[in-house]
1. Out of everything in region 96-107 that is among the polar types (S, T, N, Q) and assigned to a helix (DSSP H, G or I), what residue ends up being nearest to ALA123 (Cα to Cα)?
2. Considering only residues that are free of Cβ contacts under 8 Å to residues at least 40 places away in the same chain, touching a helix residue (DSSP H, G or I) at 6+ places or on another chain (Cβ under 7 Å) and either charged (D, E, K, R) or more than 27 Å from ALA213 (Cβ to Cβ) (or both), which ones fall in region 124-181?
3. Failed condition for LEU294, given (1) within 21 Å of the chain's Cα centre (by Cα); (2) at pLDDT 75 or above, with all others met?
4. Give ARG61, ARG81, ARG55 a once-over and let me know the one that is among the charged types (D, E, K, R), in the same structural domain as TYR339 (by TED's automatic domain parsing), in contact with a Leu (Cβ under 9 Å, 6 or more places away or on another chain) and surrounded by fewer than 15 Cβ atoms within 10 Å (Cβ to Cβ).
5. What number of residues within region 204-227 satisfy the criterion of being of a type in the set (A, V, I, L, M), in contact with a His (Cβ under 8 Å, 6 or more places away or on another chain) and either buried (at least 22 other Cβ atoms within 10 Å of the Cβ) or under 18 Å from ARG253 (Cβ atoms) (or both)?
6. Considering only region 236-254, state which residues are without any contact (Cβ under 8 Å) to a residue 24 or more places away in the chain and among the β-branched types (Val, Ile, Thr).
7. Which of the residues that make up region 325-339 are on the phi < 0 side of the Ramachandran plot and touching a strand residue (DSSP E or B) at 6+ places or on another chain (Cβ under 7 Å)?
Amino acid sequence: MIWDLPARLSRKRGKRYQTERECQVARRDKGEGVSMDGRRVLIAVMDGVGARDGRFGNAVRLAWTPAMHWLKQYGLYTTLRAHGTAVGQPSDDDIGNSEVGHNALGAGRVFDQGAKLVNTAMASGRMFEGDTWKEILRAVNTHGGTLHFLGLLSDGNVHSHEAHLHQMLTRAKQGGVKRVRVHVLFDGRDVGEKSAEVYVERLEALMEQLRAADFDVAAASGGGRMWITMDRYGADWGMVERGWRVHVLGEGRPFPSLTADHGNCEEMFDVPQNGHDNWEALDVQLPPKTAHTLSPVPFYFYDPAGVTRYRLRQGTMFTLANIASTVIDLLDLEPCDLYQPSIIQRA
């Protein structure tokens with residue numbers, strides 16, 4: 001959502017810049033940039049607001065949102081792609097998330113996101129040829145220690161992908177490691193709720209396949225991302241301590257395997273400790289929470305001085321990466337050629 005708050009200014013356009021550095025220098029150079037007198041642009045990022053027509057489970061659509069309706073009627077409105085290859089993720093099946101938003105909004109163009117970078121590094125073998133991986137194996141093998149993996153277990157491709165862990169386990173065995181322990185964080189946020197057992201079964205099948213007389217691999221601990229270690233919603237720093245006690249000290253409910261008692265999968269939810277024995281009732285006890293999706297996000301533009309001065313740029317599929325050049329253009333600065341084009345243009 002962008003408000004253009006105009007004031008007196010004189011435009012000095014014409015020069016195009018090829019690099020970020022040239023842009024920054026020009027903006028600091030009053031003689032070559034643009035002289036502005038009080039021009040202001042307000043950006044409001046509505047975190048968690050998506051654009052979807054269906055009403056079922058759609059809190060944004062069902063809510064009373066008079067401001068959003070008014071802006072859509074009297075301003076400029078479109079939607080922005082916020083997931084998939086349009087914002088640098090590996091495929092269009094990959095959901096949007098906070099990290100993608102931070103990178104695309106700030107960079108003004110599309111970069112390969114973390115998941116795609118890791119996929120590429122693993123597929124090419126570059127990750128396992130690097131100094132970090134080699135040093136890890138050297139340290140473990142030299143001291144006869146245990147190699148530990150801790151991370152999110154799912155194929156959400158936001159913070160992790162199960163294939164990354166699977167490949168690292170295989171490479172660890174090939175690298176001569178004798179003992180490996182896996183500390184699992186169940187998801188239920190980047191993927192469907194209560195889906196942890198699917199990923200656990202795949203992991204245990206792989207570990208069973210890799211086990212040998214000279215390779216001891218097993219899961220050492222597990223818990224839900226919103227209960228231990230990972231998601232500190234509401235400044236819940238206590239979950240870090242809970243994670244330390246589970247992963248490092250081994251203090252937790254013991255299970256013979258991750259799949260025993262449904263792998264304790266339901267601990268991915270933020271539930272009271274005394275509710276662990278009432279698994280069937282958990283769903284009705286859960287507080288509301290959001291989830292990442294494939295939905296586009298709404299974009300509203302309003303100019304109090306008269307929206308007729310602007311119109312939406314035609315023939316372009318907009319993404320979060322188009323925001324930066326839109327703001328720069330409204331400030332009467334010249335966007336870098338590297339940027340994605342502005343969403344709006346002057347009528």
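1. The extreme case among them is ASN103.
2. Passing the criteria: MET127, GLY151.
3. (2)
4. Every option except ARG55 fails the conditions.
5. Looking only at that region, the number is 2.
6. Of everything in region 236-254, those that are without any contact (Cβ under 8 Å) to a residue 24 or more places away in the chain and among the β-branched types (Val, Ile, Thr) turn out to be VAL240, VAL248.
7. Of everything in region 325-339, those that are on the phi < 0 side of the Ramachandran plot and touching a strand residue (DSSP E or B) at 6+ places or on another chain (Cβ under 7 Å) turn out to be THR326, VAL327, LEU330, LEU331.
Residues checked against (1) assigned by TED's automatic domain parsing to the domain that holds THR316; (2) surrounded by 14 or more Cβ atoms within 10 Å (Cβ to Cβ); (3) farther than 27 Å from ASP231 by Cα:
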site: LEU76; (1), (2), (3): yes, yes, yes
site: ASP92; (1), (2), (3): yes, no, no
site: GLY101; (1), (2), (3): yes, yes, no
site: LEU105; (1), (2), (3): yes, yes, no
site: LEU117; (1), (2), (3): no, yes, no
site: GLY130; (1), (2), (3): no, no, yes
site: LYS134; (1), (2), (3): no, no, yes
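The values are calculated or read from the model by the stated rules, or taken from the named source; none is laboratory data. Just so it is clear, the structure is predicted and the values come from calculations on it, not from any experiment. Please note: Cβ atoms are built from the backbone with ideal geometry, for glycine as well, and neighbour counts cover all protein chains shown.
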